[in-house]
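*Asks:* After the structure tokens below, expect a handful of questions from me.
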Amino acid sequence: MNVFLAQQADRIELPAIDYAAILPMLIILGAACIGVLFEAFLPKHQRWPGQVVLTLLAIAAAGVALGAYVGGSPAEGTTTLSGTLSIDRPALFLWGTLLALALGAVLLIADRSIEPGGAFVAQAGIAPGTVQDRAQVGSTGMQTEVFPLALFALGGMMAFCSANDLLTMFIALEVLSLPLYLMCGLARRRRLLSQEAAVKYFLLGAFASAFFLYGLALLYGYAGSVKLADIANATAGTDRSDTLLFAGLGLLMVGLLFKGSVGPFHTWTPDVYQGAPTPVTAFMAACTKVAAFGGMLRVLTVAFESTSWEWRGVLWGVAIVSMLIGAVLGLTQTDVKRMIAYSSIAHAGFLLIGTMALTEDGLSGTLFYLLAYGFTTLAAFGVISLVRDSTGEATHLSAWAGLAKRSPLLAAVFTFLLLALAGIPLTSGFVGKFVVFSAALSDGMAPLVVIALVFSAVAAFFYLRVVVLMYFSEPAADGPTVSVPGAFTTAAITLGVAVTLLLGVLPAFALDWAGAGGFAIS
Amino acid sequence: MIASSWLLVAFPALGALILLAGGKRTDAWGHLLGCATVIASFVYGLVLFFSTSFDQASDTTLYSWIPVGALQVDFGLRIDALSVIFVLLITGVGALIHIYSIGYMSDDANRRRFFGYLNLFVASMLILVLGNSFVTLYLGWEGVGLASYLLIGWYQDRPTAATAAKKAFLMNRVGDVGLALAIFLMFKYIGSTGYAEVFAGIGDIPPAAITAIALLLLLGACGKSGQFPLQAWLPDAMEGPTPVSALIHAATMVTAGVYLIARAAPIYNLTEDGRLVVTIVGAFTLLLGSIIGCAYDDIKKVLAYSTVSQIGYMMLAVGLGPFGYALGIAHLLTHGFFKAGLFLGAGSVMHAMNDEVDMRKFGGLRSKMPITFATFGLGYLAIIGFPFLSGFFTKDAIIEAAFGQEGWRGWVFGGAALLAAGITGFYMTRLVLLTFFGKQRWREIKSSDGRDFHPHESPTVMTAPMIVLAVGSVGAGAWLILGDRLADFLAPAVGPLAESEHGVLPHAIVPWLTVLISALGVGLAWMLFGRKETAVERPQNVAWPVRAARKDLYGNALNETLVATPSLWATRFAVFLDNRGVDGAVNGLAAALGGGSGRMRRLQTGFVRSYALSMLGGTVLIVAALLMVRFS
Amino acid sequence: MTPTALFLAQAGADATVSTGEAISFWVLAPIAVAGALGMIFARNAVHSALWLVLTMLSLGMLYLIQQAPFLGFTQIIVYTGAIMMLFLFVLMMVGRESSDSVVEVLRGQRLAAAILGIGVAGVLAGALTRALADVTPAPPLDPWTPEGGAAGGLGRLIFSDYLFPFELTSALLITAAMGAMVLAFTDRHGKTGKRSQRELVEARFRGEYERPSPKPGPGVFATSNSVATPALLPDGSVAPESLSELIESTSAAKLSGERKQVAGDTPQPDAHSLTGSEEQSEERENS
């Protein structure tokens, strides 16, 4: 007992907290908590405006805080909260990317002009197919909890990108995943499909998290610490058994690759992208990818750089499998959301190539690619949400036939986005592929670059197939209509398209930002 | 003048933007705007050409496009002799074809969009030739590919058009991968993709890398220029409207491959093997194209294979290195004139004949369409190398240069080029005879869509460009070649034209030998298709073309034994090779991908337990592989 | 959580295992494994849950033996005591009998799952065996020191080194709570939801319904307890409101006959006629 008393006597030192550095993340998480309070205390009709204003304000404020911090931040980065968070240039770039993408996604989520009440169900608790469910189809309510959930997910992603130890990373992973699981199941239309997607994502996500955790345990057994820097130090010393290291690394990567929807851990992607409400799909496709690859970059660069010889071959295989699955399976898809899902799997393969490079060029190239891909895919899903028929979104490709005749502007915008996904010059996709592939090439991965080019050629085919369908087919008589988007969706699509074009024509400034500095180690 | 040369690109780009984004509001005057932008670029190009000296290349950097780390890609333009020649060709021929299209597309409801695509094409093509780095070239390269793809598929209601567009796209992507890899290799070894830096640093890198770059560039060139083994898309691309065939698939875009190799002359100068492969590809393709050209009855396909064959000549020429760069470009220019003229003539015929393309349904059109006949005839004389017309000078120069090589190369390449000249005479004569001479076979039959034929001369807006091109077909060759005018002009860009000393055949003989061989081809065609037609029974029903073909081909026993059978077999073999071999490979690849996709799709069962299983499988593989890498 | 891994990593490596510890291990470890296997293979969900309880208890005991008392008790109290009991509550509420179909429709799924499962287990077990064979054993933990695995040490870690992840966990909990609300809560008081009994009564008396009292239920007689049987009013006539419209529409003919019968206005055999009415006999055949 004396020992216990003695312990209580000496005070616990609170770790130093650099509030300025983590302010953006604190704003987002704090706003999420306020959003929960809004749900509890605001009357129903005030919740939507309240939540929208709060969410947009929070993202804007976080952006401002980020901008204010970046100016005076140390170039080599800093760690705070006993080294659990590392606020360095890549982390700040990823935060900026995440905030900007989330702004677009929240605009899509908030839109209620395309469908009365928005894309989200009025009451998720009502079982699909019941009398009450039929009654609520016409209601203009929505589960406004989506907004705080999105903010929590965003906060989790930001923490994930800057997590400097595996335990923080794991908790951030869960914080970003759990709201996404929930949001997937909240579609207003085709609710069973949506709920099925949510359950699938949840089950497989839990499965992947288990692998991540097992890997974490093994790595702790190896290094005696969960800090990335300690693991890196441990790999430098040779007296320990590498078995734990590599088994742990393998399992850890499974969890990360799952989040990045890299094949063969991609299986959830098409089903979830298809089933989830389209604004949520846009959020997931853009932001989760950024967070997952941001985390992967940090883990591989900081903790496992010295063992890259051993694991690189394995990741080569994973990248090839991912590109193969994405490009080849995308060819026969008939649903446009699934097609974009397979495209995201192929893009995950390309991203993995840049992630593996572990050079300055590889880091900045991958960061740039994430930025470019995020905005393109965000705008693409925004466009998809506009093509509708009586049952909701018309995502079957046959419904897109001859769309250029009904709505030339929409077809032109979507064509541009597809060309960006295919990597045609003057779009951000080309610059992204270019910087990633040239980084990989100069790091001695020439065969992989050749394979990637071949697969990007294959993948370009299915993007162009949609273009042909839109321009060169006769529209079906009972085809879908193109909704006139409200201000929110228009803003989101415009943002995505403008950034895609801007990064294609003037990528210099973004490349400068992406290449501003490396990871802070400790 | 040079500093604001970006205006060259900006005019048509702006036109494309206005026409494509403007929608129906621009329908009334869209075609005029489309023509105006290209004419503006042409005028600017002319002024530039006459006001500037091209003794050395002048690069203007517009802005820094992709600056990352060591990689620096600037978006800039290079004005030198080579690019300004191309600018004049593209905008000049382009302007003529734009004007022609006003008449040709007058019935099309989407004429404005057509002009938008054409402007897009011209802008992309100008970027391709004006760019001062390989990445900028690649930008234009993809742009023209896109425009070509959109325009091949123009007649969207025809499934063949969609298939052709798809095929063109796929085969071009194969070439694009080659070009992209070449650019990556340059970046890897030289650290830059700008022409100035690459050409300055190319000498310091390993010879194997130079050869690899050269071969990869060649792969890109083959894809874009329809060279073996990527030639099959070009004839199918004739599904597009005829002005497109004339502009993109005859005069300009398909010659981009030749431009690429001429532009990369400092690279090819360093690699003998690379040049040899270019030459072989060119020689093989020119024979292949000309032989297949004999087999088709479709007037546009014959011209398309003729294009394949003529580009083969250009490739052969540029493959000869310093002996041939200027000659290849010269032939490219004259070919741009006469082939565009021939296509426009074919389009004029089709316009008059209810869009029919089967030559066997034509015949005796010369009296109905005198202007078309005259211009087409001049183009025909130019392409077969009639003395002192364009083709005579430029093609003979290439054949001379080929015979100028030493040893087996001289005999093989020269022989191939000479033989193809004869075959060119044969199929082009056949085309002209079947179309413009003989009986007016169309009087007895109806077109495929059931209408009677009422051939008539085309409107002035169509014939005027044809006349201009015909003038070019007649005079351009002499003007370019005599006194080495073009070679001297191009010397700062591609190096001076070398004259070979130890050729296998003396220079004086070759031109006359060529004329002789061509005349033989013409005569043979005359015997088979011109002289014999009076003896052919007047066909009674629609199925006559088949019987007539047999009678023509087997009627003369001497011809049969000596020429027809072997050439028929050669033709059949070449067609077989083309359809089964190359097309089969492409279609088979597509089918394999589709089939593989279908099979792999079954793994996506929709059951979450099967998804978990695949994740588990991936995990076992990753962990086991990591451990094996470490402990093996 | 982190000390767990440390203990696990060192458990097999401690060269000097006392006899008591060894005996405990060899008793508890097979039970834990058996419990895990039982959880997977039990057909009944409740049995699965109980097997899992067994595993967790064994693990808790093992932690205690490893001188991690806080972790051991937390395992038992939180996991076994709280979480698993909650699981069981839910299972019991859903119904012990309700279970999913266990017929496997995917060809080769089970075989592949078995092979891959054994594969993962084999690879990891092999790796761990190999790894732990050459680890220098760490000195045993002393829970009475700040670094030991006791509550004090953990608390110190949570509020110093791992302050941020600990605080971040709150986001997780809030999300989970809100998720439960979103998925399970339906607004019964809104326009579309059900009314409470009191609201209903008030609405009835305000005249929003056609009558203040509930509608009569179906009749229950010795011969029938079907909802299709109409209730009778005191005078013996059928209460029309007791007839379900749905059922009436399905067998209207039958019901109309019965109604007539019960109401007593069926045409009786006419005493003056020699035969029964044809109409009646037909109706009987129909019924």
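*Asks:* When only residues in region A:178-231 that are farther than 24 Å from A:M157 by Cβ, more than 10 Å from every other protein chain (Cβ to nearest Cβ) and among the aliphatic types (A, V, I, L, M) count, which is farthest from the chain's Cα centre (by Cα)?
*Replies:* A:A223
*Asks:* Limited to region A:453-469, what total is found for residues that are touching a residue at least 24 places away in the same chain (Cβ under 8 Å) and at the interface with chain B (Cβ under 7 Å from one of its Cβ atoms)?
*Replies:* 4
*Asks:* Related question: Go through (1) under 23 Å from B:F413 (Cα atoms); (2) at pLDDT 85 or above for B:Y380 and report which single condition fails.
*Replies:* Unmet for B:Y380, out of (1) under 23 Å from B:F413 (Cα atoms); (2) at pLDDT 85 or above: (1).
*Asks:* Which of the residues belonging to region B:112-168 are in a helix (DSSP H, G or I) and aromatic (F, W, Y)? Please lay out each step first, then the result.
*Replies:* Filtering region B:112-168 down to residues in a helix (DSSP H, G or I) leaves B:112-130, B:134-152, B:159-168.
Across region B:112-168, the qualifying residues are B:F114, B:F115, B:Y117, B:F121, B:F134, B:Y138, B:W141, B:Y149.
*Asks:* Checking the structure you have, find out if any residue of region B:198-207 is aromatic (F, W, Y) and either on the phi > 0 side of the Ramachandran plot or away from every other protein chain (no Cβ under 12 Å) (or both). Reasoning before the result, please.
*Replies:* At the first step, the residues of region B:198-207 found to be aromatic (F, W, Y) are B:199.
Those left that are additionally either on the phi > 0 side of the Ramachandran plot or away from every other protein chain (no Cβ under 12 Å) (or both): B:199.
The answer is yes, given that some residue of region B:198-207 is aromatic (F, W, Y) and either on the phi > 0 side of the Ramachandran plot or away from every other protein chain (no Cβ under 12 Å) (or both).
*Asks:* Next question. Does B:V198 satisfy being in contact with a Phe, Trp or Tyr (Cβ under 8 Å, 6 or more places away or on another chain), among the hydrophobic types (A, V, I, L, M, F, W, C) and closer than 28 Å to B:L17 by Cα?
*Replies:* In short, no.
*Asks:* Go through the residues of region A:167-177 one by one and say whether even a single one is part of a loop (DSSP other than H, G, I, E, B) and modelled with pLDDT of 90 or more. Explain how you work it out, then say what you get.
*Replies:* Of region A:167-177, the ones part of a loop (DSSP other than H, G, I, E, B) are none.
No, every residue in region A:167-177 fails to be part of a loop (DSSP other than H, G, I, E, B) and modelled with pLDDT of 90 or more.
*Asks:* Ok, one more. May I ask you to list the residues in region B:158-191 that are more than 11 Å from every other protein chain (Cβ to nearest Cβ) and over 27 Å from the mean Cα position of the chain (by Cα)?
*Replies:* B:I190
*Asks:* Kindly indicate whether any position in region A:145-164 is part of a loop (DSSP other than H, G, I, E, B), buried (at least 20 other Cβ atoms within 10 Å of the Cβ) and in contact (Cβ under 8 Å) with a residue 60 or more places away in the chain.
*Replies:* The first filter runs over region A:145-164 and keeps only residues part of a loop (DSSP other than H, G, I, E, B), leaving A:145, A:164.
Then keep just the ones that are buried (at least 20 other Cβ atoms within 10 Å of the Cβ); that gives A:145, A:164.
Narrowing the set further to residues that are in contact (Cβ under 8 Å) with a residue 60 or more places away in the chain leaves A:145, A:164.
Yes, the conditions are met somewhere in region A:145-164.
*Asks:* Condition check: farther than 27 Å from B:A95 by Cβ and in contact (Cβ under 8 Å) with a residue 24 or more places away in the chain. Does B:E356 satisfy that? Steps first, please.
*Replies:* Numbers: farther than 27 Å from B:A95 by Cβ: yes; in contact (Cβ under 8 Å) with a residue 24 or more places away in the chain: yes.
It is true that B:E356 is farther than 27 Å from B:A95 by Cβ and in contact (Cβ under 8 Å) with a residue 24 or more places away in the chain.
*Asks:* With respect to A:K259, is the statement that it is more than 13 Å from chain C (Cβ to nearest Cβ) and buried (at least 24 other Cβ atoms within 10 Å of the Cβ) true? It would help to see each step written out before you state the result.
*Replies:* Working: more than 13 Å from chain C (Cβ to nearest Cβ): yes; buried (at least 24 other Cβ atoms within 10 Å of the Cβ): yes.
Against the criterion (more than 13 Å from chain C (Cβ to nearest Cβ) and buried (at least 24 other Cβ atoms within 10 Å of the Cβ)), A:K259 qualifies.
*Asks:* Another one. Determine the pairs where a residue that is within 13 Å of another protein chain (Cβ to nearest Cβ), located within region A:395-424, has a partner that is charged (D, E, K, R) and crowded, with 18+ Cβ neighbours inside 10 Å with Cβ atoms under 8 Å apart, the partner being 6 or more residues away or on another chain.
*Replies:* A:G423/A:K433; A:I424/B:E142
*Asks:* Also, quick follow-up: Got at least one residue in region A:100-123 being of a type in the set (A, V, I, L, M), within 11 Å of another protein chain (Cβ to nearest Cβ) and in contact with a helix residue (DSSP H, G or I) (Cβ under 9 Å, 6 or more places away or on another chain)? Give the derivation first.
*Replies:* Start the filter on region A:100-123 by keeping residues that are of a type in the set (A, V, I, L, M), which leaves A:100-103, A:105-110, A:114, A:119, A:121-122.
Next, from what is left, pick out any that are within 11 Å of another protein chain (Cβ to nearest Cβ): A:121-122.
Then keep just the ones that are in contact with a helix residue (DSSP H, G or I) (Cβ under 9 Å, 6 or more places away or on another chain); that gives A:121-122.
Checking region A:100-123: at least one residue is of a type in the set (A, V, I, L, M), within 11 Å of another protein chain (Cβ to nearest Cβ) and in contact with a helix residue (DSSP H, G or I) (Cβ under 9 Å, 6 or more places away or on another chain).
*Asks:* Within 12 Å of chain B (Cβ to nearest Cβ), small (G, A, S) and touching a Gly at 6+ places or on another chain (Cβ under 7 Å), is that true of A:G275? Let's see the steps before the verdict.
*Replies:* Values: within 12 Å of chain B (Cβ to nearest Cβ): yes; small (G, A, S): yes; touching a Gly at 6+ places or on another chain (Cβ under 7 Å): no.
Judged against the criteria, A:G275 is not a match.
*Asks:* All but one of (1) out of contact with any helix residue (DSSP H, G or I) (no Cβ under 8 Å at 6 or more places or on another chain); (2) away from every other protein chain (no Cβ under 14 Å); (3) of a type outside the set (G, A, S) hold for A:F488; which doesn't?
*Replies:* Checking A:F488 against (1) out of contact with any helix residue (DSSP H, G or I) (no Cβ under 8 Å at 6 or more places or on another chain); (2) away from every other protein chain (no Cβ under 14 Å); (3) of a type outside the set (G, A, S), the one that fails is (1).
*Asks:* Has region B:257-267 got any residue that is basic (K, R) and buried (at least 24 other Cβ atoms within 10 Å of the Cβ)? Spell out the reasoning first.
*Replies:* Going through region B:257-267, the residues basic (K, R) turn out to be B:263.
This time we only want the ones that are buried (at least 24 other Cβ atoms within 10 Å of the Cβ), so: B:263.
There is at least one residue in region B:257-267 that is basic (K, R) and buried (at least 24 other Cβ atoms within 10 Å of the Cβ).
*Asks:* Also, I was wondering about something else. Which of the numbered conditions does B:N172 fail, given that it passes all the others? Conditions: (1) at pLDDT 85 or above; (2) of a type outside the set (V, I, T); (3) crowded, with 23+ Cβ neighbours inside 10 Å.
*Replies:* Unmet for B:N172, out of (1) at pLDDT 85 or above; (2) of a type outside the set (V, I, T); (3) crowded, with 23+ Cβ neighbours inside 10 Å: (1).
*Asks:* May I pose another question? Within the group A:G118, A:G83, which residue is more than 30 Å from A:L14 (Cβ to Cβ) and over 15 Å from the mean Cα position of the chain (by Cα)?
*Replies:* Details: A:G83 fails: more than 30 Å from A:L14 (Cβ to Cβ).
The unique qualifying residue is A:G118.
*Asks:* List the residue pairs whose Cβ atoms are under 7 Å apart, where the first residue sits in region C:161-184 and is facing chain A (nearest Cβ under 7 Å) and closer than 26 Å to A:T84 by Cα, the second is surrounded by 22 or more Cβ atoms within 10 Å (Cβ to Cβ) and of a type in the set (F, W, Y), and the two are 6 or more positions apart or on different chains.
*Replies:* Between residues of region C:161-184 that are facing chain A (nearest Cβ under 7 Å) and closer than 26 Å to A:T84 by Cα and residues that are surrounded by 22 or more Cβ atoms within 10 Å (Cβ to Cβ) and of a type in the set (F, W, Y), the close pairs are C:A171/A:F152; C:T175/A:F152.
*Asks:* Further, regarding this structure: From the set of residues in region A:124-144 that are among the hydrophobic types (A, V, I, L, M, F, W, C) and surrounded by fewer than 18 Cβ atoms within 10 Å (Cβ to Cβ), which is nearest to the other protein chains (Cβ to nearest Cβ)? Outline the logic, then answer.
*Replies:* Residues of region A:124-144 that are among the hydrophobic types (A, V, I, L, M, F, W, C), as a first pass: A:124, A:126-127, A:131, A:135, A:137, A:142.
Pick out the ones that are also surrounded by fewer than 18 Cβ atoms within 10 Å (Cβ to Cβ) and you get A:127, A:131, A:135, A:137.
Numbers: A:A127: 9, A:V131: 9, A:A135: 5, A:V137: 11 Å.
For region A:124-144, the residue satisfying everything is A:A135.
*Asks:* Please tell me if A:E310 is facing chain B (nearest Cβ under 10 Å), over 17 Å from the mean Cα position of the chain (by Cα) and among the acidic types (D, E).
*Replies:* Details: facing chain B (nearest Cβ under 10 Å): yes; over 17 Å from the mean Cα position of the chain (by Cα): yes; among the acidic types (D, E): yes.
For A:E310, the condition - facing chain B (nearest Cβ under 10 Å), over 17 Å from the mean Cα position of the chain (by Cα) and among the acidic types (D, E) - is met.
*Asks:* While we're on this one: Does A:F381 fit the bill of being away from chain B (no Cβ under 14 Å) and either among the hydrophobic types (A, V, I, L, M, F, W, C) or part of a helix (DSSP H, G or I) (or both)?
*Replies:* On the way: away from chain B (no Cβ under 14 Å): yes; either among the hydrophobic types (A, V, I, L, M, F, W, C) or part of a helix (DSSP H, G or I) (or both): yes.
Spelling it out, A:F381 is indeed away from chain B (no Cβ under 14 Å) and either among the hydrophobic types (A, V, I, L, M, F, W, C) or part of a helix (DSSP H, G or I) (or both).
Residue-wise test of (1) buried (at least 24 other Cβ atoms within 10 Å of the Cβ); (2) within 18 Å of A:R465 (Cα to Cα); (3) basic (K, R).
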{"position": "B:A147", "(1), (2), (3)": "yes, yes, no"}
{"position": "B:K166", "(1), (2), (3)": "no, yes, yes"}
{"position": "B:G191", "(1), (2), (3)": "no, no, no"}
{"position": "B:I202", "(1), (2), (3)": "no, no, no"}
{"position": "B:I213", "(1), (2), (3)": "yes, no, no"}
{"position": "B:A237", "(1), (2), (3)": "yes, yes, no"}
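*Asks:* Still on this structure, I have one more. How do the pairs read when you match residues in region B:592-617 that are at the interface with chain A (Cβ under 7 Å from one of its Cβ atoms) and modelled with pLDDT under 90 with residues anywhere that are surrounded by fewer than 20 Cβ atoms within 10 Å (Cβ to Cβ) and in a helix (DSSP H, G or I), using Cβ under 7 Å and keeping only pairs 6 or more apart or on different chains?
*Replies:* B:V608/A:L203
The values are calculated or read from the model by the stated rules, or taken from the named source; none is laboratory data. In this text, all values refer to a predicted model and were calculated from it rather than measured experimentally. Because the Cβ atoms are built from the backbone with ideal geometry, glycine has one as well, and the counts that use them run over all protein chains shown.
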